[in-house]
Each structure stands twice: as structure tokens, then as C-alpha cells.
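Encoded as C-alpha cells, the structure appears first; notes follow it.
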Amino acid sequence: MDFLKYGVGIDMAKEKFDACISIIDKLQHVIIRAQCSFGNNKNGFEAFFLWATKNTKLTIPAVYLVEATGVYYEQLAWFLHNKNYSVSVVVPNKAKKYKEALGLKSKNDRIDAKGLAQMACEQNNTIWKPLTSNIYLLRLITRQIQSVSQQATVLKNQLHALQYGMYRDKAIEKMYTRQLTLVKKDKESLQLRVEQIVENDEILKKKFENICKIKGIGLQNLAVIVAETNGFTAFENIAQLVSYAGYDVVENQSGKRSGKTRISKKGNSHIRRCLHFPAFNMIKYEVAPFKNLYERVFEKSKIKMKAYTAVQKKLLEFIFILWKKDEAFDPNYQDKTSREEEPESSFTLVPKEPEILGKKNEGLVNTNQKITPAITRVTQDKHPSKYRRMSSFT
């Protein structure tokens, strides 16, 4: 029997992980070869390596599919990556839906590993690319900044409630004030570390300078986006990035019923959070592409936050394009493109002439005189024609 590839499913936990090795043939039959449990430590990784080598002797590809359970999967993923194995990482929600589609009703670690092994055999999963050291540090620090900011907000609210309550306690107020001061200092030191990491990395420094020319987005917000996307290494197009960030549109329609259309929010919430205020800045500073988009969406929907969400999505797309092309932001880029691509019209207006035999002679004729049509902007929700339509004149 001809076999195509091995699929090794790995279900991670804090102290151990379960592994299942399956193989698929040309008729798409998936056969389980072996199952075992190992400790989530260095000795367990070595034992797993020997076990997997013993049960994958055929000269066919082997794909290792790991479920991303918190941070517990990272050490094993790095171990396999250093062994030059093909490692894929799948989010728990996607793995859960796939196992439900297979009809696996029960749930335990062995069954989950079995489902992951079949998924590795049947699916063409994206190969995992580990974070670089600087990107990994940026992710740790930016997430800590977010946590510290949330702590500061909690302390401010508690102090405010205490100051405006019926009874006040000066000692507790001083305690909250000291904690708030300490949290603010921690946040400032973390932000300084982010600046230092970017400054000391020549590649990051150049790309950050190009993108930060967008008036309204700062280094700290950009650091979050770069850290959470691993420098956009895993994204081949804008649609993948939009879906990863949760900005993809979800339609709710069936038969004659048509529900509200909204973004899915099933993605990286850190990215959406850090784009919230920059979207406001785009409108405040009237950055041309984003201000125009905001006005069109608001005019159509009459909902401000819907228009701001569209600006957030557009801003993320711009950052992705500038990062990939290694170019600086130019607010007049679309206008320049329109002027270069817009053809000249060969039609001209003929003024009204006196009536001849009771009929008016007016309309469009071809002459050597040309009228250049008005410049049109490429928009998200309106796609102008290259040729202006002149249907009636008075």
C-alpha cells in the first residue's frame, strides 16, 4: 500500500503531553500507528524524539501538529524546530471544530491527540515560524505594558470611589496613590525598553521610521502590532492578516431574513485594542486616506464607531503594505496614482447652435480639443470607472 505522509498530533498540558502517530494512504484512509504520553520537560522531549523516530521509518514526509495551549507548547515546538522537523501550531478553537466535524464526541487527551494526528494527515497546515529574539521580547514587554495599564485603571477607579464616598480614609488613599505612582513608573520603564530594542535593531528601526510617518500612530502601538504578528512573516496577503486580527466581516443572512453585518472579533484582541486610539488620531489630524474613508462610511451608516472600525482595518492594511514593501508612508500616494492612470477623454462639449429646421443640434462630437476629466480617488466602497460618463448636457 502506498502511503503519503505521517501526521503526529500532540495535545499539550502543563506537566505532560499526549502524542499520536497516524499515516494516510492514497485512498485517504487514516491509520493510527502509535500513541503515548510524555513529560513536558527536556527528558520527555528526548524520549518523544526517540519514540517518534522509531515509528516513522518510511521515507515519506512527517508533519508534527501541536495545539497552542497557552505557552506550554513553545518549548516542544522549539525543540522540534531545532531538529529540522516540520512543525505546525493550531489554535485550540480550530482544533476543537475539526474534531467535532470528525464526530469525536468524547474528550480526553488521547482522543484530542488522535484528532490532531488526523488533522495533520488530511490538512495542509502552515509551517510554524518561531519568533526572533527581539520580536519575542517586544511581545513580552508590550503585553506587560497592557497588563500594567489595566492595573493603573483599576487603582484610579478605586481611588476615585474612595475620594467621593460617604466616609474617607486618608491612609487608604495614600496607599492607592503610592501603588499608582509605582505602576506608572513601571509602565514608563517598560516603554523605554521598547524604544531601546527598536533603536538597537537596524532593520526594525528603519521600518518603524517609515511607518511612523503616518501622523497619529506612535512607536508603542506599532510595536504591539509587529510583536503580535511576528513581523508579518506568517501572512501572505491582507485577507489573512484581517482575519487574524478579527476585522473580517461576518454576514448574518438566511432566506428573507437579513441580520446585522459586523466584524467577527475572533482574532488577536491585542491588535484591535492598540488600533483604537490611532483611528481617532487619523480623523483628528485629517490624514487623507483615512479621513475620506471615515466620511464615506459614516455618511452611509450614520454610526461613528462603525466608521472608526473601518479606519482601524484600513490602518492595519497600510502598516502591512509599508512593512512588506519597506516604504515610507505617502499621504498623497493615491492621488498621484490616479493622475498617472486616468486616461484623457476624447469627448468635448459642443455649445448650442441656432435651431436648424426646427431641431436643436447639440450633443457630443469627437474633436481635437480634449477635456481632462476630474481626478477620482480609489475608495473602499466605491469603484470609479476609468472613463467619465457624459450622458446628458443642457
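Quick look at the numbers
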read-out	value
Surface accessible to a 1.4 Å probe, per residue, for the residues of the range 260-324, Å²	54 Å²
Sum of side-chain charges, Phe232 neighbourhood, beta-carbon under 13 Å (Lys, Arg +1; Asp, Glu -1)	0
Accessible area of the range 203-272 belonging to carbon and sulfur atoms, whole % at 1.4 Å probe	51 percent
Long pairs among Lys215/Lys324; Lys99/Lys256; Lys94/Lys260; Lys16/Lys114; Lys206/Lys325; Lys184/Lys215, criterion Cα-Cα beyond 23 Å	Lys99/Lys256; Lys94/Lys260; Lys184/Lys215
Compactness of the range 1-101 - radius of gyration and Dmax, Cα, Å	13.4, 39
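The values are calculated or read from the model by the stated rules, or taken from the named source; none is laboratory data. Given the structure is predicted, the values throughout are model-derived calculations rather than measurements. Please note: Cβ atoms are built from the backbone with ideal geometry, for glycine as well, and neighbour counts cover all protein chains shown. The accessibility values were calculated without ligands, DNA or RNA, using every heavy atom of the protein model including side chains. Shrake-Rupley method; radii C 1.70, N 1.55, O 1.52, S 1.80 Å.
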